[in-house]
Amino acid sequence: MSCDCDYVLPSRKGFMPHYDNCKTVWQAKHPGKKYPKNDDGTIALPNEHLLSLDVDILYHLGLDNKNCDLKAMFHDAKFVCMGGTKYRMREFAQYMAGVLNIPTDGGLKNLTKRSQRYAMYKVGPVLAVSHGIGIPSMTTLLQEVIKLLAYAKVANPIVFRLGTSGGLGIPAGSVVVSSWGLNGNLEKTHNIPILGKTRKFPSILDTRLSQEVHSLADPSDEFQTFLGGTMGADDFYRGQGRLDGPFCDYTEQDKLAYLTKLSEMGVRNIEMEAPALAAMLTEAGVRGGVVCVTFLDRLQGDQVTPSKATLTDWQNRPMILIGRYIEKYLKK
Ligand SMILES: O=P(O)(O)O[C@@H]1C[C@H](O)[C@@H](CO)O1
Ligand SMILES: O=c1cc[nH]c(=O)[nH]1
C-alpha cells in the first residue's frame with residue numbers, strides 16, 4: 001500500500017512513513033479507539049451517538065443530512081480551504097476558478113446562505129469556507145465541515161487554512177507555512193474544557209504536506225516564504241503579548257522576552273487558530289495545513305499599519321501557494 005502522508009512521531013526524530021494515511025500515528029495517540037477512516041479514505045465519524053439521530057443538522061452551515069443530498073452536492077470535493085473572512089474566501093474561490101479553468105458564469109453561490117453565520121463556496125473540487133476569528137469560531141465550523149465530508153463520502157480530503165498573522169523576526173508580507181501549532185501556554189496541544197475537565201489534544205500537522213507546500217515557493221515570488229511553528233493565541237491583544245490593548249500590566253521587556261522565547265522555539269508567526277485546527281484534523285484522521293501571510297513583525301511593534309490596499313494584496317499570497325499545490329495535486 002502506498003503512503004499518503006508522513007507524520008513526525010514525538011518519540012522518533014525524523015519521518016515515519018506509513019500506509020493508510022495517518023492510521024499508525026493516530027492509533028498510537030488514541031489507544032483503544034476506532035480509527036476514524038474507512039478503507040476507501042472516507043471519514044468514519046467516531047461518535048456513535050450520531051447513529052441515533054434521524055437527521056443531523058449542521059446548524060451553522062444551514063445544511064442537514066436528510067433534506068439536503070450532501071453526497072450529490074459535495075462528493076467531488078477534495079480540498080477544503082478555510083480563512084477568517086467571507087470576503088477572502090470568496091476571492092479565493094474566484095481565484096481557484098481561474099487556476100482550474102472552471103467557469104463561474106452564474107456567479108459564486110454562498111452554499112450556507114440559510115445560516116448567515118459563515119460563507120461557503122464550491123469551485124469544482126475546492127470548497128472555500130470562512131471561519132471567523134479564533135478557535136471557538138473556527139472549530140465550530142470545522143466540526144460541521146468534518147461531518148459534511150463524512151456524509152458526502154469524500155475520500156481523503158485535505159484541509160487548508162489560509163490566514164493572516166503577526167510574524168516573528170521576518171519581513172511583513174512574508175508567508176509562513178506552519179510545521180506545527182503551539183497554544184498560548186507554549187504547548188503543542190489544543191486544550192479544551194470538556195465536562196468540567198481540561199483535555200489536551202496533540203496539535204500535529206502533516207509534515208509532508210507542509211514541506212510540499214513550502215517547496216512551491218518560487219524565487220521569483222515577490223514575497224519570502226518560511227516554514228516554521230505557529231502560535232495560535234486565544235486573544236489578539238494580551239494573548240499575543242501586545243502592549244496596545246485596553247488592558248496591560250506587563251512591560252515592553254516582558255513582551256519582548258516572551259516573543260523572543262517563542263522565536264527561539266522556532267515559532268515564525270502568531271495567529272488564533274492553528275493548534276486547534278491541527279488537533280481536530282488529527283483526531284479526524286484528515287490531512288491539513290496552515291498557510292498565513294504576516295501583516296507585521298511583532299518584534300518591531302503591535303499595530304497593523306499597512307494600508308487596506310496593501311493588506312488586501314498580501315492576503316492573496318497564501319492563495320498563490322495553495323493554488324499551486326492544488327493545481328499540481330490534480331495534475332498527478
Ligand atoms: O484568517 P484570519 O485573517 O482571520 O486569521 C487571523 C487570526 C484571527 O482569526 C484574525 C485576527 O485578526 O486574523
Ligand atoms: O498580529 C496579528 C495579525 C493578524 N492576526 C493575528 O492574529 N495577529
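Quick notes on this one:
- Hey, Leu243 open to solvent by 30 Å² or more (accessible area, probe 1.4 Å), away from ligand 2 (no atom under 14 Å from the Cβ) and either part of a loop (DSSP other than H, G, I, E, B) or touching a residue at least 12 places away in the same chain (Cβ under 8 Å) (or both) or not: no
- Reported count of residues in segment 92-112, each being under 17 Å from Met73 (Cβ atoms) and within 22 Å of the chain's Cα centre (by Cα), is 4.
- Any strands (runs of 3 or more DSSP E) falling wholly within segment 109-226 and containing at least 1 residues that are open to solvent by 10 Å² or more (accessible area, probe 1.4 Å) and within 29 Å of Asn67 (Cβ to Cβ): 120-123
- Whenever a residue of segment 287-305 is closer than 30 Å to Ile326 by Cα, its partners that are within 14 Å of ligand 1 (Cβ to nearest atom) and part of a loop (DSSP other than H, G, I, E, B), lying with C-beta atoms within less than 6 angstrom and at least six residues away or across chains, give the pairs Phe295/Val304; Leu296/Val304.
- Restricting attention to segment 67-108 and to residues that are aromatic (Phe, Trp, Tyr) and farther than 19 Å from Tyr151 by Cα, the residue that is least open to solvent (accessible area, probe 1.4 Å) turns out to be Phe92.
- Asp244 meets all of the listed conditions (1) within 16 Å of ligand 1 (Cβ to nearest atom); (2) in contact with a Leu (Cβ under 6 Å, 6 or more places away or on another chain); (3) farther than 30 Å from Gln94 by Cβ; (4) not hydrophobic (A, V, I, L, M, F, W, C) but one, namely (2).
- Given (1) at pLDDT 95 or above; (2) buried (at least 16 other Cβ atoms within 10 Å of the Cβ); (3) within 19 Å of Trp180 (Cα to Cα), index of the condition Lys261 fails: (2)
- Scanning segment 264-303 for residues that are outside any helix (DSSP H, G or I) and either open to solvent by less than 60 Å² (accessible area, probe 1.4 Å) or touching a helix residue (DSSP H, G or I) at 6+ places or on another chain (Cβ under 7 Å) (or both) yields a total of 24.
- From Lys153, Lys147, Lys113, Lys122, residue being modelled with pLDDT of 95 or more, among the basic types (Lys, Arg) and within 21 Å of Glu91 (Cα to Cα): Lys122
- Only one of Asp249, Asp234 that is under 23 Å from Leu142 (Cβ atoms) and part of a loop (DSSP other than H, G, I, E, B): Asp234
The values are calculated or read from the model by the stated rules, or taken from the named source; none is laboratory data. All figures in this text were calculated on a predicted structure; none of them were measured in a lab. Note that each Cβ is placed from the backbone with ideal geometry, even for glycine, and that neighbours are counted across all protein chains shown. Each accessible area value is taken on the protein alone, full model and side chains, heavy atoms only, with ligands, DNA and RNA left out. Shrake-Rupley method; radii C 1.70, N 1.55, O 1.52, S 1.80 Å.
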